[in-house]
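Participant: One structure follows; several queries about it will come next.
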Amino acid sequence: MGAVGDAWTWLTTGANWQGESGVWHRLAEHLWFSGVCLAVSCLIALPLALWLGHIGRGGSLAVNISNIGRAVPTLAVLVLLTLTPLGRQGGLPTIIALVLFAVPPLLTNAYVGMREVDRSVVEAARGMGMSGGQLFLRVELPLAYPMVMTGLRSATVQVIATATLAAMAGEGGLGRIITAGFNRNDTAQVVAGALVVGALALLAEGLLVVAGRAFDPMRATREH
Amino acid sequence: MSAVVSAAGCLAANDWICGEYVRSRAQELTDATVQHVWITVVSVLIGLAVAFPLALLVRARPRLAGPVLGLTTVLYAIPSLAMFSLLLPLFGLSAALVVTGLVLYSLTILVRNILAGLAAVPQEAREAARGMGYGPGRLLWEVELPLALPAVMAGVRMATVSTVALTTVGALVDYGGLGTLITTGLKSFFKAQVLTASVLCVLLAVAADLLLLALQRLLTPWTRPARTPGARIRGAG
C-alpha cells in the first residue's frame, strides 16, 4: 500500500494543486479538451448514426469506420496535427485527435441501437399510420436510447483516459502530472495523476448514468 | 538533426513526404517496424494464453464472472500513459513493461469474445459429442473451440489492431516501435519521420487484420458463405 499511501500524501499536499502545473489547472485543461471533444463528436456522430439507422443503410460503413478508428493510433494523429500549422492553436490538435477517437464508438453504438429495434414494433407503428418522422421520434429513438447512452458513456470514459496522451505531444491536461512524475521518477505523483484521471472518468460515468435515467424517454415504463 | 541539414532536397526542406528519408533511414525504419511487430505479436499471444484459462474459469464458476469481467474492464479504463508509468517501478525501462501493459489491455476484448464464442456453441453439438463418449477435454478441444473460433478470432483481430495502435505509447519508455520514431520526430520537428512512421503503423494494423482474417477463413471453412448467390454478408456488430 506504500505507493497508494504516498500518492494520497501527494494529493493532500495543497501546493501540488496550485499554479500552472498544479492539479486544478491541469484538471481544467483536461475537462476543456474532453468536454469540447465529446460535444463535437456527438454533433457529428449521433445525427449521422440515427439517420443511417432510420433508413437502414450504411451498416458496413459504421462498422468499417469503427475498425479504421481502432487502427489509427491516437498518438500518431496527435503528433501529426501538432506539426501542422494547427499545432500553434493551443489545444486544437488534442481536440481533433480525440474527436477522431470518440466518433467511432458513438457512431457504432447509436447505429446498432437503431437497427436492433424490434422490426415487428416498427411494422406495427407503420401499420398504425405513423410517418417516418413520427416513427423515428416516438418509436425508434426511445427504444434505441439505452444503446446510444451506452455508447456515450464508453466514449466519455475512453476520451478522459486518452486525453492524457496530449502530454506526450507537449500539450496540457492531467497527463502532464503523470509525465512530470515519470520524468522525475516520482511514483507517488504518477499514481496520484492516474487516480485523478480515474476519479474523473468514474465521476463522468456516474453523472451520465444519472442524466441518462433522468432524460430516459421511457422512464415510466422501463424497469431498472 | 545533422541529417536534415546536410541532405539535399526534401530532407532539408523538412517535407512531409520524403523518399530520401525512407531511403537514408531504411535501417532505422526496419528496426522500429520489427520491434513494433514483435511487441504486438508477443503481447497478443501472452494475452491469449492468459485469457483462455480466465474464460474457462469464468465459465466453470459463473459466480466469478462479475469480478473477472469487472477487473478487466477497470484495467481497460486505465490511461495507457498511466499504465506504462505505473509499471515502471516493477520492470524498469524495458520491453517487458510495454508487453505487460498491452497484455492487460488485450484481456478485456479477448476474455469477452472467448466467453461469447463458447456460449454460442449449440447445446445439441455438445450433447451429440457427449453421447459419442467425448470427455470434457476432448469436447473442449475438438467441438467447442472449433465452433467458438469465429468469435474468438473476431476478438483476436480487434485485440491485435488495438495493440498495434497502443504499442506506440511504449515510446514513453523507448520501446514503442514506430511510436518511438513518432515522438522523437516530434521533438526534432522532423515531419517526414512522423508521417512515415504513422502511415507504417496504420499499414501494419491493416495487414495484421487481413492476415488474421485469412487465417480465420482457413481455419473455419464451414463458415464461408459458399455458392449462395444473393446472400448478403451482414457486418458483425
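Read-outs throughout are calculated quantities, based only on the coordinates presented, and are distinct from any laboratory measurement. A quick note: this is a predicted structure, and the numbers were derived from the prediction, not measured. Here Cβ is always computed from backbone atoms with ideal geometry, including for glycine, and neighbour counts include all displayed protein chains.
Participant: In Å and whole numbers, how far do the C-alpha atoms of the protein assembly as shown stretch along each principal axis, longest first?
Facilitator: Each principal axis gives a Cα extent; for the protein assembly as shown these are 69, 53, 51 Å.
Participant: In addition: Assuming R0 = 51 Å, can you tell me the calculated FRET efficiency for the pair A:Val209 and B:Trp16, based on Cβ-Cβ distance, to the nearest 0.05? Spell out each step's value before the answer.
Facilitator: Numbers: r = 44 Å, r/R0 = 0.86.
With R0 = 51 Å, the Cβ-Cβ based efficiency is 0.70.
Participant: Relative contact order for region A:1-140 using alpha-carbon pairs under 8 Å, separation at least 6, rounded to a whole percent? Intermediate values should be presented prior to the final figure.
Facilitator: Working: 103 pairs, mean separation 39.2, N = 140.
Over region A:1-140, the number comes to 28 percent.
Participant: Select from B:Thr183, B:Thr223, B:Thr33 the residue whose mean-square fluctuation is largest in a Gaussian network model of chain B (Cα-Cα springs shorter than 10 Å).
Facilitator: Looking only at B:Thr183, B:Thr223, B:Thr33, the biggest GNM fluctuation is shown by B:Thr223.
Participant: Here's something else I'd like to know. How large is the convex hull of the C-alpha atoms of chain B per residue, in Å³?
Facilitator: Numbers: hull volume 38.5 nm³, N = 237.
In chain B, the Cα convex hull volume per residue is 162 Å³.
Participant: Checking understanding here: applying a Kyte-Doolittle mean of at least -0.5 and a length along the axis of at least 24 Å (C-alpha), which whole DSSP H helices in chain B pass?
Facilitator: Values: long enough: B:26-60 (51 Å, 1.35); B:95-119 (35 Å, 1.89); B:145-167 (31 Å, 1.47); B:191-219 (42 Å, 1.78).
Helices meeting the criterion: B:26-60, B:95-119, B:145-167, B:191-219.
Participant: Another question, then. One-quarter of the Cα convex hull surface for region A:157-224, in nm²? Intermediate values should be presented prior to the final figure.
Facilitator: Values: hull surface 22.3 nm².
Projected over every direction and averaged, the Cα hull of region A:157-224 covers 5.6 nm².
Participant: Residues of B:71-81, mean number of Cβ from any other protein chain within 10 Å of their own Cβ, rounded to a whole number? Show your work: numbers first, answer last.
Facilitator: On the way: counts 0, 0, 2, 2, 0, 4, 10, 6, 16, 8, 19.
Mean shielding by partner chains, rounded to a whole number: 6.
Participant: Could you work out how far apart the two model spin labels at A:Ile55 and B:Lys187 are, taking each label as a point 7 Å from the Cα in the direction of the beta carbon, and quote it in nm?
Facilitator: With each label point 7 Å from Cα toward Cβ, the separation is 5.0 nm.
Participant: Please give the calculated 222 nm ellipticity per residue for the protein assembly as shown, where each DSSP H segment of at least 4 residues contributes -39500 (n - 2.57) and the sum is spread over every residue; nearest 500 deg cm²/dmol? Don't jump to the answer; show the numbers that get you there.
Facilitator: Numbers: 20 runs with 329 residues, N = 461.
Only helices count here, giving -24000 deg cm²/dmol.
Participant: If you take the Cα Rg of region A:24-214 and divide it by 2.2 N^0.38 Å, with N the number of residues, what do you get? Mind showing how you got there, number by number?
Facilitator: On the way: Rg = 19.2 Å, N = 191, 2.2 N^0.38 = 16.2 Å.
Dividing the Cα Rg of region A:24-214 by 2.2 N^0.38 Å gives 1.18.
Participant: When chain A is treated as a GNM, springs tying every alpha-carbon pair under 10 Å, which of A:Met147, A:Met128, A:Met114 comes out with the largest mean-square fluctuation?
Facilitator: A:Met128
Participant: Calculate the FRET efficiency for B:Ala60 and B:Ala125 from the Cβ-Cβ distance with a Förster distance of 22 Å, rounded to the nearest 0.05. It would help to have the intermediate numbers written out before the result.
Facilitator: Values: r = 19 Å, r/R0 = 0.85.
After rounding to 0.05, the efficiency reads 0.70.
Participant: Within a 10 angstrom radius of each residue's Cβ in A:60-73, how many Cβ atoms of other chains show up on average? Whole number is fine. Spell out each step's value before the answer.
Facilitator: Values: counts 4, 1, 1, 4, 1, 0, 3, 7, 4, 2, 11, 13, 6, 16.
Mean partner-chain Cβ count within 10 Å for A:60-73: 5.
Participant: Continuing with this model, one more query. Taking trypsin sites (Lys or Arg not before Pro) as candidate sites, keep only those in a DSSP loop with at most 15 other Cβ atoms within 10 Å, then name the longest stretch of chain A containing none of them.
Facilitator: On the way: sites that count: A:Arg57, A:Arg184, A:Arg219, A:Arg222.
Of all site-free stretches, the longest is A:58-183.
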